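Encoded as structure tokens, the structure appears first; notes follow it.
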Amino acid sequence: ILTGNAGDGKTHLLRRLEPELQKLKAVVQYDASAAMDHTKIVPILNEWRKAKKSGRPYCLAANEYPLYLLREHGRRKPNDLSVLSEVDRQCRLRLTYGEATPDERAKNDQGKVLVVDLSLRNPLHADFVGAMLDRLLKNPALVAYAKSNTDLNFSENFRRLSDETVRKRILGLFDRLRALGHRATIRELWIVLARLLFGG
């Protein structure tokens with residue numbers, strides 16, 4: 001299960017893993033909210049049961065609310081889909097350091113369930129922001145647009161953001177925000193970087 005905020009990259013990560021998941025014949029649900037019947041998780045439970053019965057891996061991208069409903073269902077009906085108790089345990093203990101202990105592995109039914117919370121990453125780290133900024137500055141369409149001088153503000157912003165000193169200072173600001181305990185989602189970070197480029 002991949003969980004996290006909207007825009008944290010759950011669906012993107014599953015799509016990047018698609019070739020590997022296809023080899024495993026995995027059943028992949030890219031959006032738990034879309035799969036739900038209003039506020040009912042029955043379609044997800046049915047899909048998961050069916051995958052389990054046929055011996056296929058099941059992958060799910062779920063925001064907090066669908067995941068909460070799954071955990072609640074597991075607590076109310078522990079024998080319905082036994083893996084949900086492990087999902088709940090991992091959600092309560094979201095940070096893990098090092099290898100799982102033998103006791104933890106036993107609780108996890110031989111390591112059959114893994115919950116990854118992408119919201120625990122902090123994308124304000126300078127390395128992360130720097131990679132995102134590079135992605136924008138190396139985009140062929142944006143490079144061509146900057147060179148065309150169609151939008152002088154954009155061309156000037158592009159030139160300045162490409163400058164090593166400006167880049168270092170901006171990444172330093174993001175790192176300071178992170179050190180102060182601030183967080184952001186990937187989506188929010190894309191918005192900020194886009195504004196730095198397209199802002200007047």
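The values are calculated or read from the model by the stated rules, or taken from the named source; none is laboratory data. Everything numeric here is computed off the predicted structure, so don't read it as measured data. Neighbour counts run over all protein chains shown; Cβ positions are idealised from the backbone, glycine included. Each accessible area value is taken on the protein alone, full model and side chains, heavy atoms only, with ligands, DNA and RNA left out. Shrake-Rupley method; radii C 1.70, N 1.55, O 1.52, S 1.80 Å.
Loosely packed, with under 13 Cβ neighbours inside 10 Å and either under 29 Å from P123 (Cα atoms) or over 15 Å from the mean Cα position of the chain (by Cα) (or both): is that true of T3 in this structure?
It is false that T3 is loosely packed, with under 13 Cβ neighbours inside 10 Å and either under 29 Å from P123 (Cα atoms) or over 15 Å from the mean Cα position of the chain (by Cα) (or both).
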- Item | Unique match (being modelled with pLDDT of 85 or more and hydroxyl-bearing (S, T, Y)) among S85, S119 | S85
- Pick out the one residue from S119, S148, S54 that is closer than 30 Å to R169 by Cβ and in contact with a strand residue (DSSP E or B) (Cβ under 9 Å, 6 or more places away or on another chain). S119
- Message: Could you check region 115-144 and list, in sequence order, the residues that are in contact with a Ser or Thr (Cβ under 8 Å, 6 or more places away or on another chain) and either assigned to a helix (DSSP H, G or I) or among the aromatic types (F, W, Y) (or both)?
- Response: L118, S119, L137
- Query: Residues in region 62-73: is at least one under 27 Å from L24 (Cα atoms), open to solvent by less than 40 Å² (accessible area, probe 1.4 Å), modelled with pLDDT under 90 and of a type outside the set (S, T, Y)?
  - Reply: no
- Item | Failed criterion for G55 (all others in (1) open to solvent by less than 50 Å² (accessible area, probe 1.4 Å); (2) on the phi > 0 side of the Ramachandran plot hold) | (1)
- For the subset of region 178-194 comprising residues that are open to solvent by 70 Å² or more (accessible area, probe 1.4 Å) and not small (G, A, S), which member is modelled with the highest pLDDT? I191
- Note on the structure: Scanning region 123-155 for residues that are open to solvent by less than 60 Å² (accessible area, probe 1.4 Å) and charged (D, E, K, R) gives D134, D151
- Item | Residue match in region 74-86 (condition: in contact (Cβ under 8 Å) with a residue 12 or more places away in the chain, open to solvent by less than 30 Å² (accessible area, probe 1.4 Å), among the aliphatic types (A, V, I, L, M) and in contact with a strand residue (DSSP E or B) (Cβ under 8 Å, 6 or more places away or on another chain)) | no
- Task: State yes or no: is V28 within 18 Å of the chain's Cα centre (by Cα) and either surrounded by 12 or more Cβ atoms within 10 Å (Cβ to Cβ) or touching a residue at least 24 places away in the same chain (Cβ under 8 Å) (or both)?
- Result: yes
- Query: Which of the residues spanning region 42-65 are touching a residue at least 12 places away in the same chain (Cβ under 8 Å), over 20 Å from L17 (Cα atoms) and touching an Asp or Glu at 6+ places or on another chain (Cβ under 9 Å)?
  - Reply: L45, R49
- Note on the structure: Selection over region 6-25 where residues are at pLDDT 90 or above, under 19 Å from the mean Cα position of the chain (by Cα) and in a loop (DSSP other than H, G, I, E, B) yields a count of 1
